[in-house]
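Working notes, structure below.
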Amino acid sequence: MKMTCCPDYRFRSRIISPVWMPDCVHPAPKPISSGMQPFKLVSLPIASGTCTAHSKYGPGVSVNKFYTGKGDDGTTGLLGEGWVPKYDLRMEAIGSVDEASAALGVARGLVVSPENRIRILRVQRELYQLMAELASTPETADRFHTIDSQKVECLEADIVELGQQVSLPREFIIPGDTPGSAALDLARTIVRRAERRIVELFARDDLSKPDLLMYINRLSSLLFLMEIAESADSDREHPTLAKEI
């Protein structure tokens, strides 16, 4: 059932995506026995009570409380029906994708190529969509399916374009020649971890859309080429290789 956004979930919907998610999906309520209170967005008056953590804002200033306490029992809600432990494989996959996006944010701030900055930002936005798709449940899977063949083909086009511009080394590269290339390599390794987790989800039939797996696989290849391109844009004549020549 589609539900209109209420103030309680507006903050969450903006985190997931400020553009392509017009409605909120309310996680299924936890059992009454869990003792959790309903989600409420409240203001804390700084001037009263014993809380002084935010007193730097001055007396009488209120701040929004952007936590619910629902996760204090070690579970988290999906985009649809159901709650899972925070150590669940699905959450491991989502967390790995989230880490990859954060690492790409560092890379975007460090790379020298304007084209690579544009590519990275596009990928970061798509990774937020990918996280929502991973968090969806059977009844919401079609609604949150946005990682499609078109996005895969876009990555493949980038791979072909960069592959024609760089020379591939014959040995493994040691990361760290430039800040930008090092950040891209870190992001690539996190993407590979995310891919392993997603493969596990497919193996236990939690996911069924093949484009999702193809996308994350192509992304690691693209990041490798972007790393080489970033190193080539530096003053170094050759990248540092694992095997000394």
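All of the numbers you see were taken from the coordinates with simple rules; none came from a lab. Just so it is clear, the model here is predicted, and its values are computed rather than measured. Heads up, the Cβs are rebuilt from the backbone with ideal geometry, glycines too, and the neighbour counts pull from every protein chain shown.
Results, tabulated for the structure shown:
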{"item": "Spatial separation of Cα centroids for region 210-239 and region 111-139, in angstrom", "result": "15 Å"}
{"item": "Approximate spin-label separation Ser149-Thr68, in nm, with each point projected 7 Å along Cα-to-Cβ", "result": "3.7 nm"}
{"item": "Cross-link reach list, aspartates and glutamates versus Lys65, counting only Cα pairs under 20 Å and skipping chain neighbours closer than eight places", "result": "Asp8, Asp73"}
{"item": "Label-point separation, Val166 to Lys209 (7 Å along Cα→Cβ), nm", "result": "2.8 nm"}
{"item": "Label zone at Thr240, where the point sits 7 Å out along the Cα-to-Cβ direction: region 94-125 residues whose backbone N lies under 12 Å", "result": "none"}
{"item": "Pairwise FRET efficiency - Leu121 versus Tyr87, Cβ, R0 = 30 Å, nearest 0.05", "result": "0.45"}
{"item": "Ranked Glu227, Glu156, Glu195, criterion: other C-beta atoms within 10 Å, fewest first", "result": "Glu156, Glu195, Glu227"}
